[in-house]
1. Projecting each Cα onto the charge dipole of the stretch 54-119 (Lys/Arg +1, Asp/Glu -1 at the beta carbon, about the Cα centre), which of Tyr95, Ile75, Gly114 comes out farthest on the positive side?
2. Which angle from 0 to 90°, rounded to the nearest 10, does the C-alpha axis of helix 137-146 make with the longest principal axis of the chain?
3. Modelling each spin label as a point 7 Å along the Cα-to-Cβ direction, I'd like the Arg88/Leu58 distance in nm, to one decimal.
4. Once you've got the GNM for the chain with C-alpha springs shorter than 10 Å, pick whichever of Val35, Val54, Val139 has the biggest mean-square fluctuation.
5. When only DSSP loop residues count, what GluC sites (Glu not before Pro) in the stretch 63-123 have their Cβ near at most 15 other Cβ atoms within 10 Å?
6. Give me the percent of Cα-Cα pairs in the stretch 86-156 that sit more than 19 Å apart, rounded to a whole number.
7. Could you compute Rg(Cα) / (2.2 N^0.38 Å) for the chain, with N its residue count?
8. Note down the relative contact order for the chain as a percent, whole number, built from C-alpha pairs under 8 angstrom at least six residues apart.
Amino acid sequence: KVRLKTGQAGYIDARYIRVDTIPPHEYDENSSKWVIKFNEDDQKLMIYNNSELVMESLASSGIRYSFTPKGVYQIEEDRRGEWAYIPRFNQGMKYWVGFKDTYLIHSMPCTEDGEIIKEEERKLGMPASHGCIRVPEDVSKFIYENVPDGSIVIIE
């Protein structure tokens, strides 16, 4: 929610603003059966099931001008796939799930033939993406296969 200098209040899509912290909210690892939390400061992704940490991994969020929007989201219904290739980025990804419009959690970038791009893999743990959250392939596969649509995604 934003307020203009004129006093007018309204909402703006998180894709267009960058915030240092998200507004107070009531969501945490106890908010649903499955919860994914990502912390931008330490570039860590945590996956909870029934409030228990089941997996933790380094990840990579968006770079400064292609940032990952902070907030509370959900894994979107029917927005997942085993493979996608984006010609304009000359990169592919394995095991992706969508949590906000064009934003995804997916494997480290791949070549068109599905091989992990080593140069991109070395960036794990630092901002490096076009806005998505990159994780190792085993983590993206775990999310793809186990974390259902509607699960909470918290990006701090």
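Values quoted throughout were computed directly from the atomic coordinates according to the rules given, and no laboratory measurement underlies them. Computed from a prediction, not measured in an experiment: that's the story for all the values here. Heads up, the Cβs are rebuilt from the backbone with ideal geometry, glycines too, and the neighbour counts pull from every protein chain shown.
1. Ile75
2. Once rounded, the angle reads 70 degrees.
3. Distance between the two pseudo-spin positions: 3.0 nm.
4. Val54
5. When the GluC sites (Glu not before Pro) of the stretch 63-123 are filtered for loop state and at most 15 Cβ neighbours within 10 Å, Glu77, Glu112, Glu115 remain.
6. 29 percent
7. Ratio of Rg to 2.2 N^0.38 Å for the chain: 1.04.
8. 28 percent
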